[in-house]
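Okay, structure first, notes after.
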Amino acid sequence: SGVISGSIQAVMFPTLSSLQDDKSNLKRVVRRSIKTISFLVFPAMAGLAVISEPFISLILGEKWLPAVPFMQIFCVSAAFEMLNSANYQAVSALGRSDINLKLEIIKKVIGIIILAISISFGIYAIAIGYVISSIIEVLIHMFTNKGIYDYSAYEQLGDIMPSILLSLVMGVLV
């Protein structure tokens, strides 16, 4: 997800920076980006999570099958990381690195707390804690964006929910 996230950043930042004086257009572009990212990434991660057992077996061999649950868990996290990247870029494009710094500190503290809690429950709990941390990070960005360029958490959830629901249906059917 790091390569994809970096690619998203390389494409989005210049476009969003050119709109920093026009918050309504910035919101429109970010909104379209988040819808597109959700439309592409959520089904891809759901599909990869569902086929992870045969995929790992085919690519890495039977001895790697214990990694299947981790791949499934991290597919969920990767989907949310893409949304974090888009939200981060929007705030950066407005020249508000101060806000991004504060958000990063808050997110890291939350991540460390989740890690400290989950570490005593084992490796699966740590992986699930990472997913929870990713979801909390997205929510933090969503709530912050309302005050920065008027893209509320409610609007963002409404924009990504169809992709999440369709991806879940696809995953169940596959």
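Per residue, the chain exposes an accessible area of 55 Å² to a 1.4 Å probe, with every protein chain left in place. For the listed peptides 84-90, 100-106, 124-130, a ranking on the average number of other beta carbons within 10 Å per residue, highest first, reads 84-90, 124-130, 100-106.
Straight-line cross-link partners of Lys146 among the lysines, defined as a Cα under 20 Å from its Cα and at least 8 positions apart when in the same chain: Lys23, Lys27, Lys35, Lys102, Lys107. Against the empirical 2.2 N^0.38 Å (N residues), the chain has a Cα radius of gyration ratio of 1.10. Computed over protein heavy atoms with a 1.4 Å probe, the carbon and sulfur contribution to the accessible area of the chain reaches 73%. Here Leu60 and Lys108 are evaluated by their C-beta separation; at R0 = 45 Å the FRET efficiency comes out at 0.90.
Counting only alpha carbon atoms, the long axis of helix 23-50 and the longest principal axis of the chain meet at about 0°. Under the criterion of Cα pairs below 8 Å and six or more residues apart, the relative contact order for the stretch 73-174 equals 30 percent. Here the Debye sum runs over all C-alpha atoms of the stretch 19-89 as equal scatterers in vacuum, and log10 of I(q)/I(0) at q = 0.19, 0.21 Å⁻¹ comes out as -0.76, -0.84. Per-residue Karplus couplings for the stretch 125-132, computed as 6.51 cos²θ - 1.76 cosθ + 1.60 with θ equal to phi - 60°, are listed in order as 5, 5, 5, 5, x, 5, 5, 4 Hz, Gly and Pro entered as x. Model label points for Ala67 and Tyr154, set 7 angstrom from Cα along the Cα-to-Cβ axis, are 4.4 nm apart.
At the listed q of 0.26, 0.27, 0.32, 0.33 Å⁻¹, the Debye profile of the stretch 126-169, built from one uniform point per Cα, gives log10 I(q)/I(0) equal to -0.91, -0.93, -0.99, -1.00. Each Lys and Arg adds +1 at its Cβ and each Asp and Glu adds -1 at its Cβ; summed about the Cα centre, the chain shows a dipole of about 240 debye.
The values are calculated or read from the model by the stated rules, or taken from the named source; none is laboratory data. Note that the structure is predicted; figures quoted are calculated from it, not measured. As a convention, Cβ positions derive from the backbone with ideal geometry for all residues, glycine included, and neighbour counts pool all protein chains shown. Keep in mind that these areas ignore ligands, DNA and RNA; they rest on the heavy atoms of the full protein, side chains included. Shrake-Rupley method; radii C 1.70, N 1.55, O 1.52, S 1.80 Å.
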